[in-house]
Amino acid sequence: MKELKRIASLVGGLSEIEFKVLETIERFADIGRIATPDTIARSLKLGRDYVDRMLEELNRRRLVWSPRGRGREYMLNFTGLDMLALHSVSRRGILTHIGVKIGMGKEADIYLGRTGEGNVVGIKFYRIGRSSIKKHRRLRESSLEAANYLVSSKLAAQREIQALRILYPEGVAVPAPVYRNRHMVVTSIIEGELLVRLDSLSDPEALLQGIVKSIKKALKAGVIHCDLSPYNILVTPGEEHVIIDWPQWVRPSHPNAQDYLRRDVENVAAFFKRRFGVLSSVDELIGWVLRSVGASLTDDQV
Ligand SMILES: Nc1ncnc2c1ncn2[C@@H]1O[C@H](COP(=O)(O)OP(=O)(O)OP(=O)(O)O)[C@@H](O)[C@H]1O
Ligand SMILES: [Mg+2]
């Protein structure tokens, strides 16, 4: 795969001390604070001029931005956070290469990558709030909001890998979890097409049944997707499905669990009806999902 770039050379463009500056800004963001050149200089025991020059350089590379004008406050950009995550996984030998962007959603970008063991994987970088950040940037305000988005992106990644680590060993059709760092989730790559893009299937009924079976298996394992739709289901050339994009999952003990489960089943059933003319009763499907699962939607599962 010739488009794969070595992560080591990508992050090698930054010195260790520049990474320390990025980490310092990140630590502040993690606790809802904004770093200033003074606080960075103090916490790293460096001269203010030296820190200013580094911040200029990081700003030029668009790894940080200064919401209230240069020289005052500094916040990480998503690319800055990407570099921190890539630096960490590259140093540990977990990932060696990153390739082309293979997917882009509202809240994440997905790239091809290669692990230290030579496996091709998917690397998902969360970008929660990226459209709002652009708006704020225009207004030059609310760097705290931007900090919140970075924290939310890390939380989303944590939630997603947590779901995959529960579901994959239970045999639910999800990507295999590999690793997480910050807002970055590494999983196996699925060769396939989004369900929403398919106009014909050899056996749509069987695919719908398979997906509902996965919903049931996931429920049994204590997980409800909560954002299930034909945009979050990949279909392989052999017409096997894989359910992706799990950051918003809840436990069956969640007060709205039943509504979320219903919505997931409804979204899928409605799509199969619209696109492939498959008629099904949502009530019957849900009844079947709940039957003998042993998961009461009101009792705490795990
Ligand atoms: N493991 C994977 N293997 C192959 N392609 C993937 C994988 N994960 C994601 N993709 C591709 O990337 C796209 C975006 O992924 P995903 O749905 O996880 O992100 P998202 O940003 O949360 O999407 P949205 O918020 O728009 O639903 C998918 O539609 C799919 O085409
Ligand atoms: Mg999605």
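Points worth noting:
- Over region 5-188, Cα pairs under 8 Å with separation of 6+ residues give a relative contact order of 20 percent.
- For region 5-188, lysine pairs separated by 8 or more sequence positions, or belonging to different chains, with Cα-Cα distances below 22 Å total 15.
- Gyration tensor verdict on region 171-302 (Cα atoms; rounded if a/c is under 1.5, prolate if a/b is larger than b/c, oblate otherwise): oblate
- Additional length obtainable on full extension of the chain from Gln258 to Arg130, 0.36 nm per residue less Cα span: 43.0 nm
- Amide N proximity, region 164-186 versus Lys213 label position 7 Å along Cα-to-Cβ, cut-off under 14 Å: 171-174
- Cα pair distances in region 5-188, grouped into 5 Å bins until the bin that holds the longest one, percent each: 1, 8, 16, 19, 19, 16, 10, 6, 3, 1, 0, 0
- Taking 0.36 nm per residue of separation and subtracting the Cα-Cα distance, full extension of the segment from Gln162 to Glu240 would add 25.8 nm.
- Loop-resident GluC sites (Glu not before Pro) (DSSP state other than H, G, I, E or B) in region 190-236 with no more than 14 further Cβ atoms inside 10 Å of their Cβ: Glu191.
- FRET efficiency, 1/(1 + (r/R0)^6) with R0 22 Å, evaluated for Arg91 and Leu4 via beta carbons: 0.75
- With R₀ fixed at 51 Å, the C-beta to C-beta distance from Ser15 to Arg291 puts the FRET efficiency at about 0.25.
- Each part gets one Cα centre, and for region 196-260 versus region 29-56 those centres are 46 Å apart.
- Solvent exposure of the chain amounts to 49 Å² per residue of accessible area, where only protein heavy atoms count and the probe is 1.4 Å.
- Once the chain from Arg251 to Leu144 is taken as fully extended at 0.36 nm per residue, the excess over their C-alpha distance is 35.5 nm.
- What a 1.4 Å probe finds exposed on the chain is 48% carbon and sulfur by accessible area, rounded to a whole percent.
- Legend: residues His254, His183, sorted from most to least accessible area (1.4 Å probe; ligands, DNA and RNA excluded), read His254, His183.
The values are calculated or read from the model by the stated rules, or taken from the named source; none is laboratory data. In this text the structure is predicted, and so the values were computed from the model without any measurement. Here Cβ is always computed from backbone atoms with ideal geometry, including for glycine, and neighbour counts include all displayed protein chains. Note: accessible area is taken over every heavy atom of the protein model, side chains too, but ligands, DNA and RNA are not part of it. Shrake-Rupley method; radii C 1.70, N 1.55, O 1.52, S 1.80 Å.
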